[in-house]
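Accompanying notes for the structure given below.
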Amino acid sequence: MKTVMWFRRDLRLQDNKALAHALQNSAADELILLFQMNPQQFIQESANHNAFFASLASFKERIDQEAHLQIMVGEPLDLFSRLKRKLPDWQAIYFNEDTCGFGAKRDQQAMRFFEENNIQSFSFQDAYLHGSEEIKKNDGSKYQVFTPYYNKWKEAPKETPIPVSYTAEKIFSACLFPEEEAAYREQIARIPLKQYSVGEETARRRLNTFIDQKLQSYENNRDFPYQDQTSHLSTFLRTGELSIRTIWQELASAPSSLSKETFKKELAWRDFYNMIYSAFPQQKEEAIQEKFRYIQWTNDPEMFVKWQKGETGYPIIDAAMRQLNQTGWMHNRLRMITASFLVKNLHIDWRWGEKYFQKMLIDYDAANNIGGWQWAASTGTDAVPYFRIFNPIIQSKKFDNDGQFIKKYVPELKQVPQKYIHQPNLMNEALQTQYHVHLGENYPKPIVDYASSKKQTLFLYEASKEIHQEMNNPRFK
């Protein structure tokens, strides 16, 4: 009897719930390790996909040293049909579940196939400290505000790491689909693998470095992008190269501090946004708050491109976007500032920004990214009020006062003194010549006036509220 372990975003051998159960219930040469590649990942090349492929390559290389990770390319139903024909004695499958977005739809289709073909399926909540159905109000409904959710979340017991007795003797080692493995190798060959930090061991070292060297100062320094005191664990959580339970265990062993509690709250936000995405599966394409579904976005394509390229004339925005474009990562404080600027100063639909981040982020997590964009756009649950609009100049002075981060990613401004680094447009022609910055030539003038764009934002949101009220007025029904 053959059993399948279906890996998805859990590319690790340790503390893997589904793998632990699959190994426990498999005999020698019985367990097939499988990764299904979506054909769209070949077509839609992006930093997001490349980073994931790099992690997959590392994971496969590790397994293939002693056994074999089967690679299959195709939609789940076609893929599993072919696998069943190849292995008529396939009777069970184990996997760690997805409860929202694309993954949830894929799992629903797969579960129907397993049921129709008499294949026992065993799924597990593995990616979060608390799954989307675990933390609820007393009446059984889901929270939509973070603070009461967090108050119950922090009191709930947390799971400890799952021991995995991994042994290659139990793994079916023959390659079942050589043509598909060849297609995988061609894809991997196009990726600059050395560009990415990948693998379970790398992830564990990153965790240890954060706990030992950064956690103590996390509360005071986490918002300053040049100091870079954040954990950088998001890329490994996204691929599953690091277990959330392992993070929690290491965090629990650290001395008590305000920084420790602040980081715990960030982990709670991750669970919260996953729960929200599960409750509002349409949120990638639709504002959760109905009253803000009628905003008349300007959606100027030229402005959008300037925002993408980091050519807005607002140094902190430009530095942040260039960091994203060059590294595939952006500091969390800057994600909030750039999102607010796109939506509330350029009046471009938040969905445009969300999809660009999806393409560029190597730590892209749908629930977190969508939740963050709906928060910034004031359209989601427990979002920032629509009249709160980040001033990029004030944010720049507060979190990059001496301009070190700006100068790292906007070298055109490297000679500009602190007095003008946040607003180079205030320099007269003589100063521009002195500091080798020529506005409109080698660095852009501000593409939008903050004050006037803020007024327009308030008008757009108020107008949307009025339309919503009219549409829900009984007189118009």
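The values are calculated or read from the model by the stated rules, or taken from the named source; none is laboratory data. These numbers come from a predicted model, not from an experiment. Every residue, glycine as well, gets a Cβ built from its backbone with ideal geometry; the counts of neighbours run over all protein chains shown.
Structural remarks
- Residue ranges of helices (runs of 4 or more DSSP H) in segment 193-281 with at least 1 members at negative phi and touching a residue at least 60 places away in the same chain (Cβ under 8 Å): 200-209, 234-239, 244-252, 258-279
- Test for Ser452: is it loosely packed, with under 13 Cβ neighbours inside 10 Å, at pLDDT 95 or above and not hydrophobic (A, V, I, L, M, F, W, C): yes
- Within segment 122-164, the set of residues being buried (at least 17 other Cβ atoms within 10 Å of the Cβ), over 29 Å from Thr379 (Cα atoms) and among the polar types (S, T, N, Q) comprises Ser123 only.
- Enumeration of residues in segment 414-467 that are under 30 Å from Arg293 (Cα atoms), part of a loop (DSSP other than H, G, I, E, B) and in contact (Cβ under 8 Å) with a residue 40 or more places away in the chain: Pro446, Ile447, Val448
- Condition check for Lys291 on (1) outside any helix (DSSP H, G or I); (2) in contact with a Lys or Arg (Cβ under 9 Å, 6 or more places away or on another chain): one failure, at (1).
- Residue satisfying condition, being under 19 Å from the mean Cα position of the chain (by Cα) and outside any helix (DSSP H, G or I), within set Tyr356, Tyr364, Tyr386: Tyr364
- Residue match in segment 219-238 (condition: over 30 Å from His422 (Cα atoms) and not assigned by TED's automatic domain parsing to the domain that holds Lys142): no
- Filter result for Thr262 (buried (at least 20 other Cβ atoms within 10 Å of the Cβ) and within 30 Å of Pro315 (Cα to Cα)): no
- Flag for Thr381 being modelled with pLDDT under 95 and assigned by TED's automatic domain parsing to the domain that holds Thr338: yes
- Subset tally (residues that are closer than 30 Å to Leu233 by Cβ, aliphatic (A, V, I, L, M) and surrounded by fewer than 17 Cβ atoms within 10 Å (Cβ to Cβ)) for segment 166-187: 1
- Residues that are in contact with a helix residue (DSSP H, G or I) (Cβ under 8 Å, 6 or more places away or on another chain) and either surrounded by 17 or more Cβ atoms within 10 Å (Cβ to Cβ) or in a loop (DSSP other than H, G, I, E, B) (or both), drawn from segment 389-405: Ile389, Phe390, Asn391, Pro392, Gln395, Ser396, Phe399, Asp400, Asn401, Asp402, Gly403, Phe405
- Restricting Leu346, Leu334 to those that are under 16 Å from the mean Cα position of the chain (by Cα), at pLDDT 95 or above and buried (at least 18 other Cβ atoms within 10 Å of the Cβ) reduces the list to Leu334.
- Residue that is nearest to the chain's Cα centre (by Cα) [pool: residues in segment 99-110 that are surrounded by 17 or more Cβ atoms within 10 Å (Cβ to Cβ) and part of a helix (DSSP H, G or I)]: Gly101
- One residue alone among Pro157, Pro148 is in a helix (DSSP H, G or I) and either under 28 Å from the mean Cα position of the chain (by Cα) or at pLDDT 95 or above (or both), and that residue is Pro148.
- Comparison of Tyr166, Tyr143 shows that the only residue that is outside the structural domain of Ile247 (by TED's automatic domain parsing), of a type in the set (Ser, Thr, Tyr), touching a helix residue (DSSP H, G or I) at 6+ places or on another chain (Cβ under 8 Å) and in a loop (DSSP other than H, G, I, E, B) is Tyr166.
- Among residues of segment 167-183 that are at pLDDT below 90, those with a beta-carbon under 9 Å from a residue that is surrounded by fewer than 17 Cβ atoms within 10 Å (Cβ to Cβ) and assigned to a helix (DSSP H, G or I) at least six positions away or on a different chain give the pairs Ala183/Phe42.
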